[in-house]
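Heads up, the thing below is written out as structure tokens.
Every read-out reported here was derived from the displayed coordinates using simple, explicitly stated rules and does not represent laboratory data. Because the structure is a prediction, the values reported are computed rather than measured. Cβ placement follows ideal geometry from the backbone for every residue including glycine, while neighbour counts extend to all protein chains displayed.
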Amino acid sequence: MTAARRALGLCAALAAMWAGLGVLASRPLPQRVDFSVTLDADSFTAPEVGAQAPPIVLEMLDGGQFSLTEVRGQPVVLNFWATWCAPCEAELPELQALAQARPDVRVAAINAGEPPEQVRSWLAARGLRLPVLMDPDGRAAAVYQIRGQPSTFVIGVDGTILSVMLGATTRAQVEQVLGPDA
């Protein structure tokens, strides 16, 4: 085979590939958010902005239960935190101020894996009285694919995740996502 024939064959192959790419480019690619759902009992894709927030039901530190699906119709702020987390200590007063200033927003601080007595004494020592949910076995943290604390999910009235904030956040940052009339 001559060099000219090889070059011609290569050009034809490249042209066919290029035409195929044009067909692909004309179709929208699936968005990762379309797959941010439970795939099977043991496999999850981390929830992200634009996806529906995974439903959770957790016991509240002060008694009762919190169900994310039951508060649909209200904006929700889910914050995963721990007593050993210094950035959490800085942000929880901000989230408490948000909860007090915005009764239209459900703020829920989720503590994963720590004993209730430890959580109560830690909160009392800091004068914090915000709604705390207990995730003793870390199931909610696993469903939300928490890789570090604090992690905050701002959820809209329709259950869609509006923002995922990793690291300490402020009341102002959350309110900016929520807008004045969340």
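From the phi of every residue in segment 168-177, what ³J(HN,Hα) in whole Hz does the Karplus formula 6.51 cos²θ - 1.76 cosθ + 1.60 yield, where θ is phi - 60° and glycine or proline is x?
My calculation for segment 168-177 gives 4, 10, 10, 4, 4, 5, 5, 5, 4, 5 Hz in order.
Under 5 Å between amide hydrogens, which residues at least 5 positions from Val107 or on another chain qualify, with H placed 1.01 Å from N in the peptide plane?
Amide H neighbours of Val107: Val77.
From zero up to wherever the largest Cα-Cα distance of segment 134-182 sits, split into 5 Å bins and tell me the percent of pairs in each.
P(r) for segment 134-182, in whole percents per bin: 5, 18, 26, 23, 17, 9, 2, 0.
Using the Karplus curve 6.51 cos²θ - 1.76 cosθ + 1.60 with θ = phi - 60°, what ³J(HN,Hα) values do you get for each residue of segment 61-74, in whole Hz, with x for Gly and Pro?
After applying 6.51 cos²θ - 1.76 cosθ + 1.60, I find 4, 8, x, x, 10, 10, 10, 4, 5, 6, 9, 4, x, 10 Hz.
Summing Lys, Arg as +1 and Asp, Glu as -1, what charge do residues with Cβ under 14 Å from the Cβ of Thr83 carry, Thr83 excluded? Show your work: numbers first, answer last.
Values: positive: Arg120, Arg126; negative: Glu89, Glu91, Glu114, Glu117, Asp135.
Around Thr83, the surrounding residues sum to -3.
Ratio to report: Rg/Rh of segment 44-153, with Cα atoms as the point set and Rh obtained by the Kirkwood method; give two decimals. Intermediate values should be presented prior to the final figure.
On the way: Rg = 13.1 Å, Rh = 14.2 Å.
That ratio is 0.93, to two decimals.
Note down the net charge around Pro116, summing +1 for each Lys or Arg and -1 for each Asp or Glu among other residues with Cβ under 13 Å from its Cβ.
-4
For segment 86-103, just list the computed ³J(HN,Hα) in residue order, Karplus coefficients 6.51, -1.76 and 1.60, θ = phi - 60°, integers in Hz, with x standing in for Gly and Pro.
My calculation for segment 86-103 gives 4, x, 5, 4, 6, 8, 4, x, 5, 6, 5, 4, 4, 4, 6, 7, 10, x Hz in order.
Rounded to the nearest 5, what % of the DSSP beta bridges within segment 44-136 are antiparallel ones? Kindly include the intermediate steps, with their values, before the conclusion.
Details: 5 of 15 bridges.
Given both bridge residues lie in segment 44-136, the antiparallel proportion sits at roughly 35 percent.
Label points 7 Å out from Cα along the Cβ direction at Leu128 and Ala90: separation in nm?
Placing both labels 7 Å along Cα→Cβ, they lie 1.4 nm apart.
If you filter segment 129-180 for trypsin sites (Lys or Arg not before Pro), then keep DSSP loop positions with at most 15 other Cβ within 10 Å, what is left? Walk me through the intermediate numbers first.
Details: sites: Arg129, Arg139, Arg147, Arg171; in loops: Arg129, Arg147.
Hits after loop and neighbour filter: Arg129, Arg147.
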